[in-house]
Amino acid sequence: MTFRWLLCLLLPGLLHAATQDPQALREAVADFAYQQLRSMPGEVTVSVGSPDPRQKLPACRKLDPYLPAGALLRGRTLLGVRCLDGANWSLTLQAKISIVTDVVFSSRPLTAGTPLVAGDLQLQRRDLADLPTSVLTDPGQAVGRSLLTSVAGGQPLRSELFRAPFAVLQNQQVRLVAQSDAFRIETIGKALSNAQVGQVVGVRTDSGQVVQGVVQGPGVVLVTVE
C-alpha cells in the first residue's frame, strides 16, 4: 500500500520531467533568430509563440533550431526546432520578427538616368518587415548611381531600381586580356566608353589600335581570339 501511494505521488513528477519544456523551445528558437540577425542594422525584436500544449514531446538533451525552407527572418514567419539527442521529433513555431532601422527614401521626385546626390535622399525609421527585402538602408548605396525609372518623392529606394554600376569608365586605363586555347596576353589600353560587367566596350591600345572586348570586372576587358 505504501509503495503504491509513493508511486502515485512521484509518477506525475517523473512524467513531467520526461516531457520537453516548451519555454526552452521558445528560448532556443529566439536565440537562433537573434544570432542569424546579429549583423543587421537597427533594433531587432523576436517574439516566438508557444507550441501546442496538447503536444507532449519527449525531453531533448540537444535542441537544433533552424529556418524552414521558404521562411524569412522578418515579419510573421515560422521557425523550426528539432531534437538531435534524447528523442526524435521536429516542429515549427510561429514567430514575429521586427527589424526597425533607417531606410533610404527619395526626398523629392527623382528622374531616371541622373546620378543621385545626398540631397535626393532622406532616412526614415521603418520596420523592414513592412517593406520589400531589397530596400536600401545606407545612403552610400544610392549616391552617385542612376535610376532605371523615375521615382516619386517619399518612396523607399530598392536595389532593383538602379542601373548596375559601371565596371569600366570612359578614358579609364584598363587591363586588356587577349586569350585563346593556346595563349594569353595582357596589355594596357584606354576604355572608349562606360560599360557594365558583361557589356562590350571599345579599348584603344598604346599602339593606337581599337579593339572590342567584354568587360569581365572592374578595369578588366577580355578579347577572345579564335
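The values are calculated or read from the model by the stated rules, or taken from the named source; none is laboratory data. Quantities reported herein were computed from a predicted structural model and do not represent experimental measurements. Backbone-built Cβ (ideal geometry, glycine too); neighbour counts: all protein chains shown.
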Q) Quick check: is even one residue across segment 90-109 outside any strand (DSSP E or B) and free of Cβ contacts under 8 Å to residues at least 24 places away in the same chain? A) no
**Q.** Filter result for the condition that a residue is modelled with pLDDT of 95 or more and of a type in the set (Gly, Ala, Ser), over Gly70, Gly13, Gly49, Gly42
**A.** Gly49
Q. Restricting attention to segment 148-158, does a residue exist that is over 18 Å from Leu110 (Cβ atoms) and exposed (fewer than 11 other Cβ atoms within 10 Å of the Cβ)?
A. no
(Q) If I filter segment 43-64 down to residues being hydroxyl-bearing (Ser, Thr, Tyr) and in a strand (DSSP E or B), which single residue comes out as farthest from Ala129 (Cα to Cα)? (A) Ser47
Q: Those residues that are loosely packed, with under 14 Cβ neighbours inside 10 Å and closer than 12 Å to Phe166 by Cα, I need them from segment 201-226; list them, please.
A: Gly217
Q: Inspect segment 65-79 for any residue being among the basic types (Lys, Arg), more than 23 Å from Ser134 (Cα to Cα) and surrounded by fewer than 13 Cβ atoms within 10 Å (Cβ to Cβ) and give the result as yes or no.
A: no
**Q.** Unique match (being within 22 Å of Asp102 (Cβ to Cβ) and in a strand (DSSP E or B)) among Arg145, Arg175, Arg126, Arg204
**A.** Arg126
Q) Filtering segment 80-102 down to residues that are of a type in the set (Val, Ile, Thr) and in contact with a Gly (Cβ under 9 Å, 6 or more places away or on another chain), which residue is surrounded by the most Cβ atoms within 10 Å (Cβ to Cβ)? A) Ile97
